[in-house]
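The values are calculated or read from the model by the stated rules, or taken from the named source; none is laboratory data. Not measured: the values here are computed from a predicted model. Methodologically, a virtual Cβ is constructed for each residue, glycine included, from the backbone with ideal geometry; neighbour enumeration extends over all protein chains shown. SASA here: full protein model, heavy atoms, side chains in, ligands and nucleic acids out. Shrake-Rupley method; radii C 1.70, N 1.55, O 1.52, S 1.80 Å.
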Amino acid sequence: MSFQLAVSETTPALPKSFELADAPLLRALRGLPVDHTPVWFMRQAGRSLSEYRAVRARANLFEIVRSPDLAAEVTIAPVKRLGVDAAILFSDITVPLAAAGIDLEIVPGVGPVIARPFRDRRDLERLRSFRPERDAPYVAETVRLLVRELDVPLIGFAGGPFTLASYLIEGGPSKTHARTRALMYSQPDLFRELLSDLAAVAVASLRAQALAGASALQLFESWVGVLDPASFSRHVLPATISIFDALRDLDVPTIYFGVGTGELLSRMAGAGSDALGVDWRVPMDAARARLPTGMAVQGNLDPVACLAPWQVVREQALEVLRLAGPRGHVFNLGHGVLPETDPETLRRLVDLVHGYEHRRARLTGTLVAR
Ligand code: CP3
């Protein structure tokens, strides 16, 4: 790998991490038995919450991320309002890219837009210079603030190398990721170098968050599901393995997530994370059948189901719980919370998941929830 680790590797605050070691989220990610299935929601700290919209009315996304007090406030809001088992750091997968000096803007309703898309080898230099403690010190500062405040685990995260490469190459969001795949096929060596540099950015960023006190780490490889399995194994898996390898000594559980990854799941399991995030297209029992026995799973209620009447949400959530089984399951949506979601639905979901008893459901042969 072409970066040098310059993070100050100090020990995270111990007392809190001792208490948190038994948190249901961390136990489930390690495949240990839990009193109740833990639940959190990807994008729980986003536009569905009035608390977030109020802060967002005063500051844009990057301004919030760069202000530890504001970022901590919006991270904590869903934990208080929804009663979830984990907080996810308020940030964005593009934050390290912007911090590395890439001219990047989050356009409301569009997504990340890059002024000068990646074209050749010379564009790798900026990525190589990324040092979290120098270029994005506010991230670790927010994490330290949060671990003092929270009594649930904090999840740190980074973007996966394919997903970040796609934003860099396309210059913005894309449905087909055509330029990305074209570069991958036509210049595989350059593509490999780019992914390796992005993997190094992810490692540096994730290590900095864990060392500041984050108790679990998620790699958001959201758009990797556009690839066929052979291309995934050849062009993306090596860089991804290097990420999870480089995190192993931290002893912090890891989650690897992508959308539309049904055909990739068994190969993604080889990347070395503790758990795999599964989207709503694959039933949880089918997902488990594609993974090594005992590997933890996270997901996978359709985020759109949360817009339906409660009875529908409830039935679908109970089915997710039943199919996933009692061990090694973190309940979540199959992708992020949609901005139009009523937070009350999410709050009721948390109660439903916490009250669900696998044993009773099995004995009565029906879907039972307290
Ligand atoms: O609550 C949380 O999950 C923590 C915060 C978080 C954000 N982005 C804040 C955000 C997280 C974990 C992310 C990850 C992220 N960012 C991903 C991976 C997860 C996924 O959804 O697949 C991706 C692909 C991005 C890139 C990105 N950033 C997109 C596609 C968008 C949405 C554009 C839009 O307006 O619909 C963003 C902007 C963004 N990141 C918002 C938030 C709350 C909304 C825009 C805003 O408030 O300005």
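Quick check for me: using +1 on Lys/Arg Cβ and -1 on Asp/Glu Cβ, what's the dipole size of the chain about its Cα centre, in debye to the nearest 20? Please list the in-between numbers first.
On the way: 41 positive and 41 negative charges, 88 e Å.
For the chain, the charge dipole is close to 420 debye.
Note on segment 239-370: Kirkwood radius taken over Cα pairs, Stokes-Einstein applied at 25 °C and 0.890 mPa s, translational D equal to 158 µm² s⁻¹.
With both residues required to sit in segment 16-300, DSSP beta bridges show an antiparallel share near 20%.
At 1.4 Å probe radius, can you tell me the per residue accessible area of the chain in Å²? Mind dumping the intermediate values first?
Working: 15430 Å² over 370 residues.
Each residue of the chain exposes 42 Å² on average to a 1.4 Å probe.
If you roll a 1.4 Å probe over the chain with all protein chains in place, what percent of the accessible area is carbon or sulfur? Carbon and sulfur atoms account for 51 percent of the accessible area of the chain. Note on the chain: Cα-only Rg and Dmax are 19.5, 64 Å. Hey, how many Å between the Cα centroid of segment 37-91 and the Cα centroid of segment 159-198? About 29 Å separates the Cα centre of segment 37-91 from the one of segment 159-198.
Compactness of segment 196-316 is given as radius of gyration and Dmax, 15.3, 47 Å, from Cα positions.
Helix-only mean residue ellipticity at 222 nm, the chain, DSSP H runs n ≥ 4 weighted -39,500 (n - 2.57), per residue, nearest 500. What is it?
Working: 18 runs with 167 residues, N = 370.
Computed ellipticity for the chain at 222 nm equals -13000 deg cm²/dmol.
Relative to the longest principal axis of the chain, what angle (0 to 90°, nearest 10) does the C-alpha long axis of helix 188-212 take? Relative to the chain, helix 188-212 is tipped by roughly 60 degrees. May I ask you to work out the translational diffusion coefficient for segment 214-273 at 4 °C, viscosity 1.567 mPa s, via Stokes-Einstein with Rh from the Kirkwood sum over Cα pairs, reported in whole µm²/s? Translational diffusion coefficient: 110 µm²/s.
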